[in-house]
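This report concerns only the one structure given below.
The values are calculated or read from the model by the stated rules, or taken from the named source; none is laboratory data. These numbers come from a predicted model, not from an experiment. Please note: Cβ atoms are built from the backbone with ideal geometry, for glycine as well, and neighbour counts cover all protein chains shown. Just so you know, the surface numbers come from the protein's heavy atoms only, side chains and all, with ligands and any DNA or RNA stripped out. Shrake-Rupley method; radii C 1.70, N 1.55, O 1.52, S 1.80 Å.
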Protein chains: 2
Amino acid sequence: MATGDKKSPGSGKKESPLKGKKVLITAGPTREHLDPVRFISNPSSGKMGYALARACLSRGARVTLISGPVALTPPPGLRTVRVESALQMFKAARAAFSGCDVFIASAAVSDYRPARASKSKIKKDSPGGRFLRLTLNPDILQKLSRAKGGRLLVGFAAETGSVLENARGKLRNKKLDLMVANRVGRKGTGFGSDFNQVTLLWPSGKAETLKRMAKERVAGRVADEIEKLLK
Amino acid sequence: MATGDKKSPGSGKKESPLKGKKVLITAGPTREHLDPVRFISNPSSGKMGYALARACLSRGARVTLISGPVALTPPPGLRTVRVESALQMFKAARAAFSGCDVFIASAAVSDYRPARASKSKIKKDSPGGRFLRLTLNPDILQKLSRAKGGRLLVGFAAETGSVLENARGKLRNKKLDLMVANRVGRKGTGFGSDFNQVTLLWPSGKAETLKRMAKERVAGRVADEIEKLLK
């Protein structure tokens with residue numbers, strides 16, 4: 001049964017292919033602490049991931065939301081795991097991955113973390129405070145995709161340049177079934193905004209650029225596509 | 001007229017010494033970008049600074065709020081200047097400082113910023129991405145205190161160790177009339193919480209440790225002390 005792209009999220013009939021499916025979603029930023037006060041992060045608000053959680057819930061899915069630090073309240077009816085760092089998010093995602101049918105990796109995970117975190121607040125006049133050595137975090141989606149099995153994987157890519165080229169590379173490398181790409185820094189969209197302007201990409205090479213719309217609607221549209229892929 | 005410590009904020013009579021006074025408040029964190037996506041920041045939610053703005057407004061002050069990126073809506077009736085980085089906050093605070101009677105520096109300003117910010121998102125595999133050179137930001141309160149004049153200066157110190165000793169040093173160096181110190185990492189207080197547990201410090205050496213209370217109440221108490229100092 002086709003749910004149709006024009007329908008609002010949640011209006012899907014009872015027979016949604018997402019009904020009863022276990023959906024794992026990561027959302028929000030991660031924080032990579034230098035010391036108990038300072039961290040490296042990004043402006044992700046978690047709005048996109050939380051909207052995806054609502055869209056999947058309203059279609060009858062059983063949702064686990066792994067959330068970085070955000071100022072949002074999770075919708076009732078799902079399991080929420082709160083984490084702070086990329087390593088914590090990786091651990092939580094790995095634990096939930098084996099039991100899931102669909103993994104939507106919408107979190108903006110920090111690629112790097114400080115190689116060493118101080119247990120006390122680094123004083124301004126401390127010698128050695130002027131250089132920060134960084135270490136690569138695990139790429140959660142790429143790592144988990146090695147055990148993809150029959151799972152459906154959906155990724156997000158926030159890029160500043162060569163958006164589609166970079167997103168296509170990630171789609172391939174991470175064995176994704178659907179990639180949602182957006183350009184960072186376009187005013188009134190993306191990070192922190194209630195709106196987003198994205199391009200959907202499929203492994204076949206097909207791409208569809210959507211117009212700017214509320215993140216709720218983007219989430220509904222992504223859920224529609226997941227339903228199609230599940231059928 | 002004594003407003004009394006037990007009174008709730010906003011219940012002050014019309015004759016509050018803050019009435020008509022120009023109060024400048026900084027609030028929230030700053031973000032120091034490495035590239036368009038990544039930044040160094042801290043967990044400040046802005047709740048303490050926004051509560052101070054409300055407390056001063058309710059006493060009849062004319063409030064300018066310079067706010068870093070937070071998920072809060074400023075109360076109506078004040079002038080809000082939104083900034084992102086420490087340098088932007090410094091510029092905005094310097095512009096408003098000369099016309100103010102009271103400066104409350106409650107923002108958690110990043111001490112350091114990346115020495116160089118990339119205009120495009122640094123790729124994970126980029127060489128040179130593993131080391132981050134940091135540069136000291138201006139200490140806004142210390143810089144402005146050099147032109148203190150008759151202004152009343154209130155500072156905040158978030159410390160992980162030797163809290164009172166560090167706070168006393170800052171009180172002296174920045175010519176403060178009142179310092180509000182708190183320990184970072186105490187559960188259910190401080191950064192991000194609706195509660196805080198602070199010690200008030202005066203130049204005389206007097207110190208008073210308050211019990212854990214809602215930030216609204218801490219703000220009312222700080223406003224009470226400002227009223228006493230203004231008389």
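Highest GNM mean-square fluctuation among A:ALA61, A:ALA93, A:ALA214, for chain A modelled with Cα contacts below 10 Å: A:ALA214. Each of B:ARG172 and B:ALA115 was given a label point 7 Å from its Cα along the Cα-to-Cβ line. The distance between the two points is 3.2 nm.
Which of the peptides A:37-45, A:148-156 is most tightly packed, and how do the rest follow, going by the mean number of other Cβ atoms within 10 Å of each residue? Intermediate values should be presented prior to the final figure.
Details: A:37-45: 24.6, A:148-156: 17.6.
Going by the mean number of other Cβ atoms within 10 Å, highest first, we get A:37-45, A:148-156.
Normalised by the empirical 2.2 N^0.38 Å for globular proteins, what value does the Cα Rg of the protein assembly as shown take? For the protein assembly as shown, the normalised Cα radius of gyration is 1.07. Among the protein heavy atoms of chain B, carbon and sulfur supply 51% of the accessible surface, probe 1.4 Å, non-protein parts ignored.
Note on chain A: GNM, Cα springs under 10 Å; of A:LEU136, A:LEU201, A:LEU144, the largest mean-square fluctuation is that of A:LEU136.
Counting residues in segment B:57-190 as N, plug N into 2.2 N^0.38 Å and put the Cα Rg over that result. Provide the component values of the computation, followed by the final result.
On the way: Rg = 17.3 Å, N = 134, 2.2 N^0.38 = 14.1 Å.
Against the empirical 2.2 N^0.38 Å value, I get 1.22 for segment B:57-190.
When the inverse distances between all different Cα atoms of segment B:121-231 are averaged and flipped, the Kirkwood radius reads 16.0 angstrom. Distances between equivalent label points of A:SER162 across the copies, with each point positioned 7 Å along Cα→Cβ, amount to 4.9 nm, shortest listed first. Temperature 10 °C, viscosity 1.306 mPa s: under these conditions the Stokes-Einstein estimate for chain B, based on its Kirkwood radius over C-alpha pairs, is 87 µm² per second. Adding -39500 (n - 2.57) for every DSSP H run of four residues or longer, then dividing by how many residues the protein assembly as shown holds, sets the calculated 222 nm ellipticity at -7500 deg cm²/dmol. Shielding value for B:62-73 is 1, the average number of Cβ atoms from other chains within 10 Å of each residue's Cβ. What is the distance in Å between the Cα centres of segment A:40-98 and segment B:71-129? Their Cα centres are 28 Å away from one another.
Would you mind telling me which residue in A:SER145, A:SER120, A:SER193 has the biggest mean-square fluctuation in a Gaussian network model of chain A, where springs connect alpha carbons within a distance under 10 angstrom? Judging by the Gaussian network model, the answer is A:SER120. Take each residue of peptide B:25-33, count the partner chain Cβ atoms within 10 Å of its Cβ, and average: the result is 1. Taken along its principal axes, the alpha carbon cloud of segment B:39-123 reaches lengths of 51, 27, 18 Å, longest axis first. Comment: the Cα-to-Cβ extended label point of B:SER120, at 7 Å, lies 4.4 nm from its counterparts in the other copies, nearest first.
What number, in percent, do you get for the relative contact order of segment A:16-140 if the mean sequence gap of Cα pairs under 8 Å and at least 6 apart is divided by its residue count?
On the way: 265 pairs, mean separation 42.7, N = 125.
Relative CO of segment A:16-140 lands at 34 percent.
In nanometers and ordered shortest first, the copy-to-copy spacing of the A:GLY20 label point, defined 7 Å from Cα toward Cβ, is 7.4. Our summary gives chain B a relative contact order of 22 percent, counting only alpha carbon pairs under 8 angstrom and 6 or more residues apart.
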